[in-house]
Amino acid sequence: MSEHTAVVAWQRLDGEVFVDNRYSRRHNVTFDGGASVAISASPHVVPVPFSDPAAVDPEELFVTSLASCHMLWFLSLAAKAGYVVDRYCDAASGILGRNAEGREAITVVTLRPHCHFSGAKLPNPADLAALHDRAHHACFLANSVRSEIRIEPIF
């Protein structure tokens with residue numbers, strides 16, 4: 001078991017009334033390794049200037065976390081199977097909609113991994129699909145969420 005931490009920090013800007021709901025949603029997150037990221041509500045949810053389109057939004061972080069976890073497991077499993085992965089790119093997306101209870105949620109996350117291999121041993125489409133399936137079932141984050149997660153590898 002391991003613990004993962006992040007410090008989420010927000011401060012009201014000078015002159016913001018706050019109780020009128022007209023305040024900046026931009027904030028900063030510092031992760032346990034020291035990386036710091038500017039985060040804001042999505043401009044699709046909170047209009048500019050109260051959101052910052054240049055910052056990362058929580059929905060993007062959610063999709064990114066799932067895509068990154070899947071990739072890390074895939075790379076590990078591919079290496080153990082003797083495949084040499086040269087590049088991995090995933091054009092992941094998430095859909096914000098209503099869940100079965102009628103609440104807003106990221107209802108579907110679609111991963112679209114595209115891998116380039118080299119070396120004497122190359123996976124066929126069935127091997128590749130099996131690696132992605134194993135990676136999906138091993139991913140801690142995929143095992144932690146209720147959203148539907150679709151894996152659509154590009155061959």
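If you take all other residues with their beta carbon under 14 Å from the beta carbon of P43, and give Lys and Arg +1 and Asp and Glu -1, the sum is -2. Among the cysteines of the chain, C89, C115 have no other cysteine beta carbon within less than 4.7 Å of their own. Give the residues of segment 43-70 whose amide nitrogen is closer than 12 Å to a point set 7 Å from the Cα of E101 in the direction of its Cβ. Counting only backbone N, you get no residues.
Give me the net charge of A91's neighbourhood, meaning all other residues with Cβ under 11 Å from the Cβ of A91; Lys, Arg count +1, Asp, Glu -1. Computed value for this residue: -1.
Starting from a Cα-only point model with no solvent, please compute log10 I(q)/I(0) by Debye for the chain at q = 0.11, 0.16 1/Å. Once normalised to I(0) and log-transformed, intensities are -0.57, -1.00. For the pair V45 and K121, a Förster radius of 35 Å applied to the C-beta separation gives a FRET efficiency near 0.15, rounded to the nearest 0.05.
Once backbone amide H atoms are built at 1.01 Å from N, I149 has V109 as its partners under 5 Å, excluding neighbours fewer than 5 places away on the same chain. Mean projected area of the Cα convex hull of segment 1-56, taken over all directions, amounts to 5.1 nm².
3J(HN,Hα) along segment 97-107, derived from phi through the Karplus expression 6.51 cos²θ - 1.76 cosθ + 1.60 where θ = phi - 60°, amounts to x, 9, 7, 4, 8, x, 8, 5, 7, 6, 8 Hz, with x in place of Gly and Pro. In order along segment 122-127, the Karplus-derived 3J(HN,Hα) couplings, from 6.51 cos²θ - 1.76 cosθ + 1.60 at θ = phi - 60°, round to 10, x, 8, x, 5, 5 Hz, and Gly and Pro are given as x. Taking Cβ atoms as reference points and 14 Å as the exclusive limit, the residues near Y23 contribute a net charge of 0, counting Lys and Arg as +1 and Asp and Glu as -1.
Scanning the chain for GluC sites (Glu not before Pro) in DSSP loops with at most 16 neighbouring Cβ atoms within 10 Å leaves 17-100 as the longest stretch between them. Exposed loop sites are taken as trypsin sites (Lys or Arg not before Pro) in a DSSP loop (any state but H, G, I, E or B) with at most 16 other beta carbon atoms within 10 Å; the longest stretch of the chain without one runs 23-102. Backbone phi angles across segment 82-89, fed through the Karplus curve with coefficients 6.51, -1.76 and 1.60 (θ = phi - 60°), yield HN-Hα couplings of x, 8, 9, 9, 8, 8, 9, 9 Hz in residue order; Gly and Pro are listed as x.
Computed from the coordinates by the stated procedures, all read-outs in this text should not be read as laboratory data. Here the structure is a predicted model, which means the values were calculated and not measured. FYI the Cβ positions are ideal-geometry reconstructions off the backbone, even for glycines, and counts take in every protein chain you see.
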